[in-house]
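The values are calculated or read from the model by the stated rules, or taken from the named source; none is laboratory data. What you are looking at is a predicted structure, and each value in this text was computed from that prediction instead of being measured. Note: ideal-geometry Cβ built from the backbone for every residue, glycine included; neighbour counts use all protein chains shown. The accessibility values were calculated without ligands, DNA or RNA, using every heavy atom of the protein model including side chains. Shrake-Rupley method; radii C 1.70, N 1.55, O 1.52, S 1.80 Å.
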Amino acid sequence: MITALAGGVGAARFLTGLVKLVNEKDLSIIVNTGDDIEMFGLHISPDIDIVTYTLAGIVDEEKGWGIKGDTFHCLQALRRFYREVWFNLGDKDLATHVFRTNLLKNGLKLSEVTAQISRALGLDITILPMTDEKFETRIVTEAGSVHFQKYLVKRDAKNEVLGVEFLGAEIANPAPGVIEAIKDAQLVIICPSNPIVSIGTILAVKGVRDALRHTNAKRVAISPIIAGAPVKGPADKLLRGLGLEVSAYSVAKLYSDFLDTFILDSADSAERDKIEKLGIEVKVTNTLMKNLETKIALAKTVIES
Ligand code: GDP
Ligand code: CA
């Protein structure tokens, strides 16, 4: 069994290659829910949807989120009623949120709802929210603390990051199956995702970090940093905001208490020795996922490491 820890876009792109090499039944994906947010009374789980839509082959590949060919008529109509509409929700995408919210309202857990959605979209993969409970990532800026989505989408990650808060981290329990998926796996993959707000959140859920330290699985992470910068997203701003260097080494260090192997991009090969000194094995390869071929090649490197 293989278990992956995932954020949104970077993870989903990597997992597209991985599912070409392994049976869906043998794969569990633990997904960040720190970005979850309520909009117009609907429960939105951005990273779970990105991963689910991508693996189901219906994602809008250009944007990396949402459903391909979707329209935005409902959102446009909502502008009549709401002064502020800053979160993009497509018409087909809304069906997912309506269904999810309805089931949650009927008392189902997010993990149960997520399983129903992935099955309805034809997937045999176990997609697990990191927790069924409230866990909210907030970014501390000069203007105060704001929900991560507000910082990212509404403010376009323009505010200087002074800190990151995980509301609920002390009390949120891992969703059923999360700890088992780490303990029972032969291989645990840390996807190339934001190390602070996508992987850092999962690691902050009670018992997860401990399970990673003690599992017999091989633990392999793919660098989300290429040539000293993130491919996409605000990882650089967040690392800097926390007083950390923006580098592949910096990411490896965040995982060094449990990691066996780090997949480093060829462009950062100069950092190899430094990372090895953390007691982590390093594999240097091309990690830029330009097309399906490069995604599969990267997944192969991870599986064979
Ligand atoms: P989000 O939740 O949608 O922000 O997505 P993630 O946290 O999963 O992904 C953001 C991270 O993915 C960024 O740090 C990117 O640098 C990384 N990423 C995106 N595409 C690639 C790629 O092709 N190769 C590698 N190595 N990292 C990537
Ligand atoms: Ca995310």
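Working from label points 7 Å from Cα in the Cα-to-Cβ sense, the Asp273 to Leu162 distance is 4.0 nm. Per-residue SASA remark: Met1, around 70 Å² accessible (1.4 Å probe; ligands, DNA and RNA not included). Heavy atoms only, probe 1.4 Å: what % of the accessible area of segment 90-200 goes to carbon and sulfur, would you let me know? The nonpolar share, carbon plus sulfur, comes to 51 percent.
Helical content alone sets the calculated 222 nm signal of the chain at -9500 deg cm²/dmol, taking -39,500 (n - 2.57) per DSSP H segment of four or more residues and averaging over every residue. Each semi-axis of the equivalent ellipsoid for segment 204-259 is √(5λ) with λ an eigenvalue of the Cα gyration tensor; in descending order they amount to 24, 13, 9 Å. Among the protein heavy atoms, those of Arg119 account for about 150 Å² of accessible surface (1.4 Å probe, every chain in place). Phi-derived couplings, Karplus 6.51 cos²θ - 1.76 cosθ + 1.60 at θ = phi - 60°, listed residue by residue for segment 222-238: 9, 5, x, 10, 10, 6, x, 8, x, 5, 7, x, x, 4, 5, 5, 6 Hz, with x used for Gly and Pro. The phi-based Karplus calculation (6.51 cos²θ - 1.76 cosθ + 1.60; θ = phi - 60°) puts the 3J(HN,Hα) values of segment 241-255 at x, 8, x, 9, 6, 8, 7, 4, 4, 4, 5, 4, 5, 4, 9 Hz, whole numbers, x for Gly and Pro. Backbone phi angles across segment 194-199, fed through the Karplus curve with coefficients 6.51, -1.76 and 1.60 (θ = phi - 60°), yield HN-Hα couplings of 4, x, 9, 9, 10, 7 Hz in residue order; Gly and Pro are listed as x. Net length available on complete extension from Glu38 to Glu24 is 2.0 nm, with 0.36 nm assigned per residue and the Cα-Cα distance removed.
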